[in-house]
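First up is the structure itself, then whatever we jot down about it.
The values are calculated or read from the model by the stated rules, or taken from the named source; none is laboratory data. This structure is a prediction, so every number in the text was calculated from the model and none was measured. FYI the Cβ positions are ideal-geometry reconstructions off the backbone, even for glycines, and counts take in every protein chain you see.
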Amino acid sequence: MPPSPAEAAGRIIWPPEFAPAVAKVHVRNELVMAVPRSIAWAWLSRATRWPAWYPNSANVKLVPPGQDDLGPGVKFTWKTFGVSLSSEVLEWVPQARLAWNARGLGVYAYHAWLLEDSPGGCRVLTEETQHGWACRLSALVFPRRMSQQHQVWLEQLAKQAASGAP
């Protein structure tokens, strides 16, 4: 049974197979942004525009074509860390919670976002866990790369959101 809203406040809700305790790779980043949560959410959920402001993303295409924004159950393909991925939105609570899975060669991941109001803006938390040979190899060769790139994602999100709504 999923946790109640009170139990889930302030933390990621992990599918059992992706809980940090069982995942081979886990990263956590957060940033307090001096922007309204609604604006940060608007930029984050407009996935097709990620490549314009987050340099570690490319070729974001929602399925079916013709839409720009993520939503419940939306599927999308994209490229990050040089890997082509297929993803599906698995958690969607507007302006609060977003999570998707990602499958690619040698990697199976779960990436979650949590947005909360904070004084003068919002707090954005992102966590990702991964399984697979490619992610384990990458973690050995480039141990901080995913954490560093997720921090860039947060910082660029804050910058984009400061420019106003998309």
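If only one of V32, V89, V93 is modelled with pLDDT of 95 or more, surrounded by 19 or more Cβ atoms within 10 Å (Cβ to Cβ) and among the β-branched types (V, I, T), which one is it?
The conditions single out V89.
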Practice problem: Would you be able to tell me the number of residues in the stretch 121-166 that are surrounded by 17 or more Cβ atoms within 10 Å (Cβ to Cβ), at pLDDT 95 or above and of a type in the set (A, V, I, L, M, F, W, C)? | Solution: 8
Exercise. Say whether the condition of being within 18 Å of W50 (Cβ to Cβ) and either in a loop (DSSP other than H, G, I, E, B) or over 16 Å from the mean Cα position of the chain (by Cα) (or both) is met by at least one residue in the stretch 141-159.
Key: yes
Quiz item: Is one or more of the residues making up the stretch 46-63 part of a loop (DSSP other than H, G, I, E, B), under 26 Å from A165 (Cβ atoms) and over 15 Å from the mean Cα position of the chain (by Cα)?
Solution: no
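Taking the conditions exactly as written (assigned to a strand (DSSP E or B), farther than 18 Å from V27 by Cα and not aliphatic (A, V, I, L, M)), does E128 satisfy them or not? Reasoning before the result, please.
Details: assigned to a strand (DSSP E or B): yes; farther than 18 Å from V27 by Cα: no; not aliphatic (A, V, I, L, M): yes.
In short, no.
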Self-check item: Cβ pairs under 8 Å, 6+ apart, first in the stretch 41-62 and at negative phi, second among the small types (G, A, S) and part of a strand (DSSP E or B)
Solution: P51/A58
Quiz item: Looking at C122, is it within 29 Å of A21 (Cβ to Cβ) and in a strand (DSSP E or B)?
Solution: yes
